[in-house]
Ligand SMILES: Nc1ncnc2c1ncn2[C@@H]1O[C@H](COP(=O)(O)OP(=O)(O)OP(=O)(O)O)[C@@H](O)[C@H]1O
Ligand SMILES: [Mg+2]
C-alpha cells in the first residue's frame, strides 16, 4: 500500500551487463526517500551513469526489481521515462531545439498542455536557471555552463517526480556551481526528490541526506554522510580531511 512513507524509488537486486556473462552492475539494492537529497558517488567507471540509465528506462536490467512510488515499474520503462527526469552527464546529448526557448518547450509540446501553462512553466525555469537573455540564442552557441543550465531547465520544465542529475558540476565555474547548488536546494525546499551523481563530494556533501557509494558496479555503502564519510577514500573518492561536515559545500551560508 502507498503511504506518505512509501519511498519514491526502490531497487532490489538490480543487475546489468551489455553481455549476460559480463555483469557491470551487480545486485544493486537501494532506497530513495521522498523529498530527500541523495548523493551517489564512486570512482570513474564504477557504474553510476549506467545505473541511472537503468533507472530511467533507457537500458534494460538483466534482473532485479524497480519500484517507483510504491508501484512495480520493472517492466514499464514508459512510466519511468515520463516520471523520472534525468539530466545527462553530457549536456550536448540532450539539446534538441533550434533555440533555447524551443529546446525547453520541446518535451512539453508532447504533453499537449495549454499554451498559457507552457509559457508559465517556461518562465519559471528560465528565471530559476538565469537563461532569460539566451532565450532566442541557438543552443550550440551557448557556453559550457549555459548548456548545462539549459539541460537542467529542459528536464525541470517537465516537473518530474524524481530529478536525477549526472555530474551536474562538470565543466562549471565557481559562480555556476553555486547557482546549480542554490537551484537544487530551492527544489528540495519545494518538496522535490533529488538524486545527484558526482564524485565532487566536497561541493555538496553538507546538504545531502543520504549517500550511496558505488564501486566496481556494486553498492559498497549507503547511509548518512556522517556515517559513510570515512569510507570515501578507500573507495577512490577524494574528500579533504579534517573539514567539518557542515563546511563541505561550495555554497557558503
Ligand atoms: N556502451 C558500453 N559498452 C560497453 N561497456 C560500457 C558501455 N558504457 C559503459 N561501459 C562500461 O561500464 C562501466 C561503467 O560505466 P559508467 O559510465 O556507468 O561509469 P561512471 O561511474 O558513470 O563513470 P564516470 O565517473 O567516468 O562518469 C565502465 O567500465 C564503462 O567502460
Ligand atoms: Mg558517469
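No value in this document is a laboratory result; all are computed from the given coordinates. Because the structure is a prediction, the values reported are computed rather than measured. Positions of Cβ are generated from backbone atoms using ideal geometry, with glycine treated the same way; all protein chains shown enter the neighbour counts.
Worth pointing out:
- Which listed residue is touching a residue at least 24 places away in the same chain (Cβ under 8 Å), assigned to a strand (DSSP E or B), under 20 Å from the mean Cα position of the chain (by Cα) and within 16 Å of ligand 1 (Cβ to nearest atom), from 86, 59: 86
- Being closer than 19 Å to residue 51 by Cβ, assigned to a helix (DSSP H, G or I), more than 15 Å from ligand 1 (Cβ to nearest atom) and free of Cβ contacts under 8 Å to residues at least 24 places away in the same chain is a condition met by at least one residue of the range 223-230.
- Positions within the range 15-56 being within 21 Å of residue 211 (Cβ to Cβ), over 15 Å from the mean Cα position of the chain (by Cα) and free of Cβ contacts under 8 Å to residues at least 60 places away in the same chain, in sequence order: 45
So that you can scan it fast, the table gives a plain yes or no per residue for (1) within 14 Å of ligand 2 (Cβ to nearest atom); (2) crowded, with 18+ Cβ neighbours inside 10 Å; (3) within 16 Å of residue 160 (Cβ to Cβ):
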{"position": "13", "(1), (2), (3)": "no, no, no"}
{"position": "32", "(1), (2), (3)": "no, yes, yes"}
{"position": "52", "(1), (2), (3)": "yes, yes, yes"}
{"position": "75", "(1), (2), (3)": "no, no, no"}
{"position": "80", "(1), (2), (3)": "no, yes, yes"}
{"position": "85", "(1), (2), (3)": "no, yes, yes"}
{"position": "97", "(1), (2), (3)": "no, no, no"}
{"position": "108", "(1), (2), (3)": "no, yes, yes"}
{"position": "114", "(1), (2), (3)": "no, no, no"}
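- Selection of helices (runs of 4 or more DSSP H) fully inside the range 91-200 by the criterion of at least 2 residues being farther than 29 Å from residue 54 by Cα returns 115-128, 174-189.
- Test: residue 57 is under 21 Å from residue 76 (Cα atoms), more than 13 Å from ligand 2 (Cβ to nearest atom) and in contact with a helix residue (DSSP H, G or I) (Cβ under 8 Å, 6 or more places away or on another chain): yes
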